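In what follows, a structure is listed as structure tokens, so that the remarks can point back to it.
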Amino acid sequence: MTKTAPTSDVPQVLLAHHLRKLKLPTFQREYDKVAREAAKEGLDHPRYLLRLAELELIDRERRMVERRIRAARFPAVKSIDTFDFMALPTLNKPMVLELARCEFVVARENVIALGNSGTGKTHIALALGLAACQRGFSVAFITAASLASQLMEARDERRLLRLQQALAAVQLLIVDELGYVPLSQTGAELLFDVFSQRYERGATIVTSNLPFEDWTSVFGSERLTGALLDRLTHHVHILEMNGESYRLKASSARKRRRIDAAPEPAATVDPDTGEILNG
Ligand code: ADP
Ligand code: MG
């Protein structure tokens, strides 16, 4: 009579279970394949395990970056590599490249990008956010208007403290489009509290279409704006991003290309002789 072994006796099953508990998915996925490679190459046991451990580390790092990017809620993924610095001569390129190394995040400093619409402020903010995720920092991206309304909603639902704590805990907070929409007094005060709570505790990037002199129109109160600017600009890197709108430039370049590329009128062929009549 044949006796079937209980599943727990099959080492692969137990191993899969243990590796799952130990959170080593790459070990589980790769150990068989790597074992065959190791046998072929004549690798000893430590080298076999080393190769597996290296694969696990690489995968873990990649998974962490992906998780951070998801958690940041970027509206789009943009990188410094795809930014055309020639299109915006006012922007200090060395400063941007230096910021992309993320030392400002470690130093808990701020970045403020100022300029008219369409000059790439959001693009640069997203690119710096992505760089921070890749370097292992926690990041959150949000527009000023949405942040103000989330704060007000949280306050109404008596979970303001929790939201404030979550916002204070991210290493890099990106507040986009400050100034596009004027804030209510409560919204302005709650936003002020966020910046205040982050002061010297976390790095913040703010983008705005308004020069500092006009921030009072967003926050309503001169006193609040003064106090905010005081904190925000204490340790700050300012990116001057005034220039021609990239969107407009790109669309007029497309139109120009369409005109340049307009096809020649098609040649007409005489059906009898096969002779080309024009073109
Ligand atoms: P802003 O936030 O200043 O209004 P955006 O960052 O939203 O401008 O830019 C508008 C669009 O143009 C985006 O798709 C962005 O990726 C692109 N863009 C802007 N400036 C550049 C640039 N210098 N190089 C490449 N793409 C750019
Ligand atoms: Mg923008």
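Any read-out appearing in this document is the output of simple, stated calculations on the displayed coordinates, not a laboratory observation. From a predicted model like this one, the values you see are computed outputs, not experimental measurements. Backbone-built Cβ (ideal geometry, glycine too); neighbour counts: all protein chains shown.
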Problem set entry | region 21-132, relative contact order in percent, only Cα pairs under 8 angstrom and at least six apart counted | 29
Exercise. Under a point spin-label approximation (7 Å from Cα along Cα-to-Cβ), what is the GLN12-ASP230 distance to one decimal in nm?
Worked result: 6.9
For this session: Report the dimensions of region 51-156 along its three principal axes from the alpha-carbon atoms, largest first, rounded to Å.
Result: 51, 46, 26
Exercise. Which of TYR31, TYR246, TYR180 moves the most in a Gaussian network model of the chain with Cα springs under 10 Å?
Worked result: TYR31
Exercise. Counting only DSSP beta bridges with both residues in the chain, what percent are antiparallel, rounded to the nearest 5?
Worked result: 5
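Calculate the dipole size of the chain relative to its Cα centre from +1 charges on Lys and Arg beta carbons and -1 charges on Asp and Glu beta carbons; express the result in debye to the nearest 20.
Numbers: 38 positive and 35 negative charges, 258 e Å.
I would put it at about 1240 debye.
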Seminar exercise, completed: With the 8 Å Cα cutoff and a minimum separation of six or more residues, the chain has a relative contact order in percent of 21
For this session: Over region 153-221, calculate the relative contact order: mean separation of alpha carbon pairs under 8 Å at least 6 apart, over the residue count, as a percent.
Result: 44
Problem set entry | Separation of alpha-carbon centers, region 81-159 and region 194-241, rounded to whole Å | 13
Exercise. Taking the chain as a Gaussian network, Cα atoms linked when under 10 Å apart, which of VAL236, VAL13, VAL218 shows the biggest mean-square fluctuation?
Worked result: VAL13
Exercise. Within straight cross-link reach of LYS249, meaning Cα distance under 28 Å, which lysines are found once same-chain residues fewer than 8 apart are removed?
Worked result: LYS78, LYS93, LYS121
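In nm, what is the difference between 0.36 nm times the number of residues separating LYS93 and LEU210 and their Cα-Cα distance?
Working: separation 117, 0.36 × 117 = 42.12 nm, distance 2.13 nm.
Length gained between LYS93 and LEU210: 40.0 nm.
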